[in-house]
Structure formats: C-alpha cells, structure tokens
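Asks: I have a structure here, written as structure tokens, and I will follow up with some questions on it.
Nothing in this text is a laboratory measurement; each read-out follows from the coordinates by a stated rule. These numbers were taken from a predicted model, which means no experiment stands behind them. Here Cβ is always computed from backbone atoms with ideal geometry, including for glycine, and neighbour counts include all displayed protein chains.
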Amino acid sequence: MTQTSSLSYELDPLEMRQVYANTLLELARNNPDVIALEADLMSAISTNKIIKQIPKQLINCGIMEANMMGVAAGLALTGKIPFVHTFAQFATRRAFDQLFVSGGYAKLNIKILGSDAGVTAEHNGGTHMAFEDLGLVRLIPRAHVFEASDAMMLRYLLRMVEKQYGIHYIRTIRKQAVRIYEEGEVFEVGKGKVLREGGDVTIIACGIMVAESLRAADLLESQGIAATVIDMYSIKPIDIDLIVKYAKETKAVVTAENHNVIGGLGSAVAEVLSEHCPTQLCRIGVKEQFGQVGKTEYLKEFYKLTAKDIVDAVEGLDSRKRS
C-alpha cells in the first residue's frame, strides 16, 4: 500500500498497551497454551484489566526479569507459548543472558514485548530509556525483531507471532501512536511498507519515527524534494530487496529511529547497502548519549529525532549528490 501526504497524523484512540492487553486476551481465550508473563508491570501495560478473565494464563513473576525469562523458557519446553512483557531495557539489557541462552541458544518459542521504547519512557528517566534493545536482540541467531508503528500493526504482529515458532521481539510504545494503517493491512516477516514514493531520497524509518518521516516528506515536498518513505517494521530479517531497489532509484538514504544509531535500524540498513548497493547514507538516531527524564516531544528535539532533523539530513545528502 502506498499512502500520500493526506495522512491526518491523528492519534489512535486506543493506547498501545490497551491493544496489547486486548489482543493477548483474544489469543489466550482461543489458545490455552498462550501464557502471559509480567514483571510487576501489569498496570503499566493494562494486563491487570484482563487477569480475572484468564487467571490461569497470566503470571506475575515480580520484579525479577531474568527469572521471568527462565520461567518463559520452562513453559516453552512444555509446549506452551509464553508472551513476556516488561519495559524494553529490562526485557533485553537486564535479561539478555537468559534470553540468549535459555531462549535463543535452546531454540525455544518465546514472544517478548519490550514497551516504553526509547524517548517514550519519559519520566522513568535515563536508566529506563532503552536505546540499545533492538541491537541486542538482533545479535541473537534466528531471532525476529520488529518495531510496531501503530495500533493496527501491533495487533497484527501479536497475532502473527503467536503462530510462528522461535524468538520474536516486538518493540513498542505504551501510549497512543499516530494512526498510519487501516484495518485489513498485512505485515509480512522480512518486509517493509512503502508509504510514499519519490525519486530524490529514500527515508527508512520505524516506530514513532515513521510519522516524523512522513511529516518530513511533506516539508521536503514544499521545497521541491520528493521523498520515498518506507516503514521498516521488520528489522530482522530485513527487506534487502526493497532497500536496494529504492537506494538505486534515489541514490541517497536516510534512516530514522528512536534508538541508538549503532545496532538498530540504521546499522541494519548500512549493512545491506555496504554489501549490496553502496549509497550515500545518513542515520538519524541517538548518538553517544544516555537517556534522561523529560516529555517525549522535548526528548525528540534534544536527541534530534524530529521531522526537521530528517529534513536537514536530506538537504545535506541532496547537496552532496549535486556536488
């Protein structure tokens, strides 16, 4: 599906955490093998509202994330399908060894939702602001890594991974996201979505940076620069063919992510381009910085994660192309 600048940038009425809880309830009711695990964050992700309806399929493991990964591994060994939720930094940075060894190395079936991604952690502050989670999970052999852009996508991804075997990590925000997709949209593993086409530059984004990239494309259009915008929600495996196709057409690529430029989407795209189609590239993301306390909009400006920052990057690449 290709969209245009007609996107209204309205927030979805449902928060992403409500989408998670509602979809998890649906999956658990339809499949008794689905078991949800929480690390004392049920109210944060809204699963406290569904526990009475599935009391035998939702376990609060307490503030022991590494142990929770071990519990998930044990459940997976018995044929259950564990859905593990905690904040992104706890799901990856804190419990990485358990996820890597007990989950990945053992070739088990575990689904992980890492919430409060990047700057959306807001007042939880620097220790709770994960800028490295995508990079960590990408390092696990055969793991699948996604970042949900809106509520429609998150619902689809949750339903999809329940039916697929292996380690699946879905990164998300907890509150409302800009609505980008309509009901009925399909999201395949290892694919990206072209939301807008233009011949001058390719912007590849994920998560909250998809809406910022579409805003940037609107601004660029007013300057006579036509941008292709791709939602690369599947970060591993990544859509090599799509990246190469548009890199060849536009000869300039900008990546945009609410994550460290090392290890995440920017690194993944850089790897593809260096091996298949060397192209001018600028990576928008967090650079050699830790997180901090603040509102999302302030933090986006501080870490240069806004539409204007994407426009500036495109203009820099465009001037290099011309020279």
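Asks: Among 271, 185, 197, which one shows the highest mean-square fluctuation when the chain is modelled as a Gaussian network with alpha-carbon springs under 10 Å?
Replies: Ranking 271, 185, 197 by mean-square fluctuation puts 185 first.
Asks: Another question, then. Pick out, in residue order, every one of the GluC sites (Glu not before Pro) in segment 290-323 that is DSSP loop and has at most 13 other C-beta atoms within 10 Å; say none if there are none.
Replies: Qualifying residues, ordered by number: none.
Asks: So which aspartates and glutamates can residue 193 reach, going by Cα to Cα under 14 Å and dropping same-chain residues fewer than 8 places off?
Replies: Answer for residue 193, where 14 Å is the Cα cut-off: 147, 150, 182, 185, 231, 239, 241, listed by chain and number.
Asks: Here's a follow-up. Antiparallel versus total DSSP beta bridges in the chain: what percent is that, nearest 5?
Replies: Details: 6 of 43 bridges.
In the chain, DSSP labels about 15 percent of beta bridges as antiparallel.
Asks: With Cα extents along the principal axes in Å as the read-out, I listed (i) 88, 48, 30; (ii) 63, 38, 38; (iii) 79, 48, 36; which label goes with the value calculated from this structure?
Replies: (ii)
Asks: Rank the residues 54, 208 as a footprinting-exposure proxy: fewest other Cβ atoms within 10 Å of their Cβ go first. Spell out each step's value before the answer.
Replies: Working: 54 18, 208 26.
The order, fewest Cβ neighbours first, is 54, 208.
Asks: When a footprinting reagent is the concern and you count Cβ atoms within 10 Å, what order do 116, 239, 33, 97 take, fewest first? Present the calculation step by step, with values, prior to reporting the outcome.
Replies: Working: 116 26, 239 23, 33 15, 97 10.
Result, fewest neighbours first: 97, 33, 239, 116.
Asks: Another question, if that's okay. Out of the trypsin sites (Lys or Arg not before Pro) in segment 88-158, which ones are loop residues according to DSSP with at most 12 other C-beta atoms within 10 Å? Kindly include the intermediate steps, with their values, before the conclusion.
Replies: Working: sites: 93, 94, 107, 111, 138, 142, 155; in loops: 107, 142.
The qualifying sites are 107, 142.
Asks: Ok, one more. Could you calculate the contour length gain from residue 106 to residue 308, that is, 0.36 nm times the residue separation minus the distance between their Cα atoms, to one decimal place in nm? Please report the intermediate quantities before stating the final value.
Replies: Numbers: separation 202, 0.36 × 202 = 72.72 nm, distance 4.46 nm.
So the chain would gain 68.3 nm between residue 106 and residue 308.
Asks: Listed here are the pairs 175/251; 236/287; 111/308; 245/304; 251/304; 107/248; which of them are more than 32 Å apart at the Cα? Write out the running numbers ahead of the final one.
Replies: Numbers: 175/251 36 Å; 236/287 21 Å; 111/308 35 Å; 245/304 28 Å; 251/304 24 Å; 107/248 37 Å.
Where the Cα-Cα span goes over 32 Å, the pairs concerned are 175/251; 111/308; 107/248.
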